[in-house]
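The structure appears right after this line, and notes come after that.
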Amino acid sequence: MARSLRDTLVVAWTIRLIDGLLSTTWRLRRYLLRRLASSLLSVCGVAVLVFLFLHIIPGDPVDNLLGEDARPQDKQELRQCLDLDQPLPVQFGRFVYSIFDGTLGYSCPDRKTTVASRVRKVMPATIALAMSAMMVALPLALLLGIGAALRANTRWDALLTAIALLGISLPSMWLGPMLLYLFYVIVPILPGPGEDTAKLRGLVLPSIMLGTHLMAMLARMTRSSMIETLSEDYIRTARAKGLPQWKVVYKHALRNALLPVITVAGMQFGALLAGAVVTEKVFARPGLGTLLLEGIAQRDYRVVQGCTLVIAGMYVAVNLLVDVLYAATDPRIRV
Amino acid sequence: MKSASSTPRPHHRLRVPHLGLGAWIGAALCLLFILVALVGPLLLKRAPTAQDLDHLLEGPSRTHLLGTDENGCDLLTQICYGARLLSGLAAAVVVLCLVVGVLVGTLAGYLGGWLDEVTMRIIDILLAFPGILLNIAVAALVPRAGLGVLIFALAVNGWVGYARVARAQTLRVREMEYVVAARALGVGPLRLVTRHILPNILSPILIQATFGAAGVVLVEASLSFLGLGPPIPYTWGALLLQGTNYFWRARHLLVVPGVAIALLVLGCNLLGDGLRDYLDPRGGRRG
């Protein structure tokens with residue numbers, strides 16, 4: 001049921017997107033192509049950089065990973081497993097190959113599982129977390145931002161702005177335990193760290209922790225964007241022709257003011273994926289971040305490489321998608 | 001009689017230079033931090049790692065104003081020494097990033113051509129990583145974590161923000177008459193950039209630096225929290241990690257560093273907001 005709904009949504013959006021693209025002008029199409037090319041270039045750059053991670057850090061990578069006084073046969077084994085006994089171009093070739101055959105390489109040094117299979121296993125948890133954080137952040141941000149903009153330069157505005165400012169200033173790894181203390185210890189209504197991680201209940205606190213920073217950021221953006229829009233000529237026109245305040249705000253101002261906010265929200269989705277590293281640690285949740293930290297703790301270089309690559313790749317893809325949708329839907333974009 | 005500030009003024013006239021209340025609070029918080037960092041360690045008699053084994057994991061008391069941790073180290077002392085460390089770290093990262101970023105950004109913006117193209121591609125690639133991820137990856141791969149590593153990890157992508165601001169601003173002023181005039185007088189590119197362009201693009205860069213400092217504090221806290229920071233037990237991030245580990249037994253251990261970090265970041269943000277409102281009122285909106 002949920003699956004068919006998702007499929008329908010995907011199909012509907014794809015059709016809409018293709019429809020939008022087909023009805024574009026050649027200039028817009030050229031812009032989109034250029035945007036696509038630059039995204040691909042970014043992805044290639046990310047791949048090269050991730051590959052070079054091991055080599056740009058001074059010192060022998062194997063010594064770095066295992067420590068200098070590791071047993072020689074361990075070192076040899078790791079060296080072979082990481083292809084470090086091969087010349088650099090061969091290493092790079094194998095790395096690129098491992099991206100395209102979808103394995104992202106085998107975990108070193110035991111070679112038992114592919115990195116991709118481990119990533120795939122934990123990916124849904126992280127995506128669910130990021131999405132629910134977005135669902136916490138965006139509505140609240142709009143509420144705060146619009147409220148503050150409508151009452152600009154009053155006490156309400158000051159209060160809402162202060163809340164937003166606090167939101168960008170609180171370190172999330174402090175907020176998380178505090179939330180746990182409130183809703184797990186004092187008022188035990190929500191599950192604690194490591195409990196119910198697959199259920200919706202278990203998502204509540206982590207998404208608040210992850211979403212707060214973004215919420216505050218978007219609220220500030222909404223406020224300034226809304227204030228700017230409300231001072232535009234067409235708003236004055238709308239007011240002058242006698243439209244009621246709510247109609248001016250919701251029909252005329254909001255649509256224009258929200259466009260940049262939604263765009264930034266989309267682009268910050270990738271940042272949420274990265275921020276999940278800390279959140280997952282605080283709440284002992286499985287996910288990409290936990291996998292990354294495991295990889296770091298076990299000195300499993302390929303896992304670090306794979307997680308970084310996957311998160312950065314998704315980040316680029318989401319950014320591209322947002323840009324394309326933006327260009328395809330907003331006739332004012334002339335590039 | 002109306003006071004001068006409430007009379008409506010035409011927009012184009014020079015405003016009376018005043019920072020808002022927020023900016024003053026922000027400046028006060030930043031100043032307080034610097035004061036704690038500079039003077040704090042001098043006033044305290046204990047070393048940050050000195051152990052008081054009679055008082056383990058104790059809340060605030062007269063001998064230990066902010067309480068002690070599981071080794072009996074005084075939290076106030078640790079916070080002060082941590083502040084000293086953090087101020088040095090933040091200054092180092094901000095200065096490094098600022099110098100590199102501004103140099104790259106102004107040169108790319110002024111000279112244009114392939115240099116600009118290459119710079120922008122590099123920036124694109126660095127921006128393709130969600131910031132903290134790159135910091136984590138760099139910090140994780142280095143064998144022995146230390147302050148230098150932390151600075152490097154933070155600077156790897158930290159300069160990008162400054163470079164982008166500097167480039168955009170350089171593009172803005174490059175064709176302005178005074179620059180064209182200076183060029184017509186035969187001023188060389190280096191002198192033109194340093195003497196004519198740089199002073200005129202400095203304010204957005206300063207604003208960027210204020211927000212950048214806040215970012216450094218938060219990222220340091222994250223990295224240390226993930227166990228990737230320098231092996232110093234009293235960086236603010238390490239204190240936060242320790243606080244999380246002992247949270248169920250001693251809440252002050254988490255509350256104190258958390259509040260300290262929040263106040264400092266709040267101060268930087270308030271100051272940055274205030275400076276932006278004052279220096280370029282119609283500057284780009286950012287979160």
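The values are calculated or read from the model by the stated rules, or taken from the named source; none is laboratory data. All values reported here derive from a predicted model rather than from experimental measurement. Note that each Cβ is placed from the backbone with ideal geometry, even for glycine, and that neighbours are counted across all protein chains shown.
Checking residue A:156 against (1) in contact (Cβ under 8 Å) with a residue 24 or more places away in the chain; (2) within 30 Å of residue A:204 (Cβ to Cβ): exactly one of these is not met. Which one?
So the condition that residue A:156 fails would be (1).
Sort out which residues of the stretch B:139-160 are within 14 Å of chain A (Cβ to nearest Cβ) and either without any contact (Cβ under 8 Å) to a residue 12 or more places away in the chain or not aliphatic (A, V, I, L, M) (or both), and write them in order of number.
Selection gives B:141, B:142, B:143, B:144, B:146, B:148, B:152, B:157.
Could you grab me the full set of residues in the stretch A:232-246 that are surrounded by 10 or more Cβ atoms within 10 Å (Cβ to Cβ) and either of a type in the set (A, V, I, L, M) or not assigned by TED's automatic domain parsing to the domain that holds residue A:149 (or both)?
Of everything in the stretch A:232-246, those that are surrounded by 10 or more Cβ atoms within 10 Å (Cβ to Cβ) and either of a type in the set (A, V, I, L, M) or not assigned by TED's automatic domain parsing to the domain that holds residue A:149 (or both) turn out to be A:235, A:238, A:243.
How many residues does the stretch B:29-83 hold that are part of a helix (DSSP H, G or I), among the aliphatic types (A, V, I, L, M) and either within 25 Å of residue B:262 (Cβ to Cβ) or modelled with pLDDT under 70 (or both)?
14
Could you please let me know if residue A:242 is among the small types (Gly, Ala, Ser) and under 18 Å from the mean Cα position of the chain (by Cα)?
Answer is no for this residue.
In this structure, is residue A:132 at pLDDT 90 or above and over 28 Å from residue A:248 (Cβ atoms)?
In short, yes.
Out of (1) free of Cβ contacts under 8 Å to residues at least 24 places away in the same chain; (2) within 12 Å of chain B (Cβ to nearest Cβ); (3) surrounded by 14 or more Cβ atoms within 10 Å (Cβ to Cβ), what's the single condition that is false for residue A:52?
(3)
Residue A:211 passes all but one of (1) assigned to a loop (DSSP other than H, G, I, E, B); (2) at negative phi; (3) more than 11 Å from every other protein chain (Cβ to nearest Cβ); (4) not hydrophobic (A, V, I, L, M, F, W, C); which number fails?
So the condition that residue A:211 fails would be (1).
Tell me the residue from A:248, A:278 that is over 28 Å from residue A:97 (Cβ atoms), away from every other protein chain (no Cβ under 11 Å), among the β-branched types (Val, Ile, Thr) and over 11 Å from the mean Cα position of the chain (by Cα), please.
A:248
Is it the case that the stretch B:182-203 has a residue that's in contact with a Ser or Thr (Cβ under 7 Å, 6 or more places away or on another chain) and assigned to a loop (DSSP other than H, G, I, E, B)?
No, the stretch B:182-203 contains no residue that is in contact with a Ser or Thr (Cβ under 7 Å, 6 or more places away or on another chain) and assigned to a loop (DSSP other than H, G, I, E, B).
Looking only at the stretch B:81-94, decide whether some residue is within 14 Å of another protein chain (Cβ to nearest Cβ), hydrophobic (A, V, I, L, M, F, W, C) and under 18 Å from the mean Cα position of the chain (by Cα).
Yes; the residues of the stretch B:81-94 include at least one that is within 14 Å of another protein chain (Cβ to nearest Cβ), hydrophobic (A, V, I, L, M, F, W, C) and under 18 Å from the mean Cα position of the chain (by Cα).
What's the number of the only condition in (1) within 14 Å of another protein chain (Cβ to nearest Cβ); (2) surrounded by fewer than 17 Cβ atoms within 10 Å (Cβ to Cβ); (3) among the aromatic types (Phe, Trp, Tyr) that residue B:211 fails to meet?
In the conditions (1) within 14 Å of another protein chain (Cβ to nearest Cβ); (2) surrounded by fewer than 17 Cβ atoms within 10 Å (Cβ to Cβ); (3) among the aromatic types (Phe, Trp, Tyr), residue B:211 misses (2) alone.
Going through B:178, B:162 one at a time, which residue ends up being of a type in the set (Phe, Trp, Tyr), assigned to a helix (DSSP H, G or I) and surrounded by fewer than 18 Cβ atoms within 10 Å (Cβ to Cβ)?
B:178
So residue A:288 ticks every box in (1) assigned by TED's automatic domain parsing to the domain that holds residue A:191; (2) out of contact with any Gly (no Cβ under 9 Å at 6 or more places or on another chain); (3) surrounded by fewer than 24 Cβ atoms within 10 Å (Cβ to Cβ) but one. Which box is left unticked?
Every condition holds for residue A:288 apart from (3).
What are the residue pairs meeting all of these: first residue in the stretch A:292-316, first residue under 11 Å from residue A:50 (Cα atoms) and at the interface with chain B (Cβ under 8 Å from one of its Cβ atoms), second residue in a helix (DSSP H, G or I) and among the acidic types (Asp, Glu), Cβ atoms under 9 Å, and 6 or more apart or on different chains?
From the stretch A:292-316, no pairs qualify.
Listed residues A:293, A:272, A:320; which is under 25 Å from residue A:130 (Cβ atoms), buried (at least 24 other Cβ atoms within 10 Å of the Cβ), among the hydrophobic types (A, V, I, L, M, F, W, C) and modelled with pLDDT of 80 or more?
Of the residues listed, the single one that is under 25 Å from residue A:130 (Cβ atoms), buried (at least 24 other Cβ atoms within 10 Å of the Cβ), among the hydrophobic types (A, V, I, L, M, F, W, C) and modelled with pLDDT of 80 or more is A:272.
Can you confirm whether residue A:173 is within 12 Å of chain B (Cβ to nearest Cβ), of a type outside the set (Phe, Trp, Tyr), touching a residue at least 24 places away in the same chain (Cβ under 8 Å) and closer than 13 Å to residue B:262 by Cβ?
When the stated conditions are applied, residue A:173 passes them.
Residue B:196 passes all but one of (1) over 25 Å from the mean Cα position of the chain (by Cα); (2) touching a residue at least 60 places away in the same chain (Cβ under 8 Å); (3) surrounded by 17 or more Cβ atoms within 10 Å (Cβ to Cβ); which number fails?
Single failed check for residue B:196: (2).
Name the one entry in B:263, B:240 that is modelled with pLDDT of 80 or more, of a type in the set (A, V, I, L, M, F, W, C) and buried (at least 23 other Cβ atoms within 10 Å of the Cβ).
B:240
Out of A:144, A:129, A:160, I need the residue that is away from every other protein chain (no Cβ under 14 Å) and buried (at least 21 other Cβ atoms within 10 Å of the Cβ). Which one?
Just one listed residue meets the conditions, A:129.
Tell me, which residue of the stretch A:1-47 that is surrounded by 13 or more Cβ atoms within 10 Å (Cβ to Cβ), more than 14 Å from every other protein chain (Cβ to nearest Cβ) and assigned to a helix (DSSP H, G or I) is modelled with the lowest pLDDT?
Once the filter is applied, the top-ranked residue is A:21.
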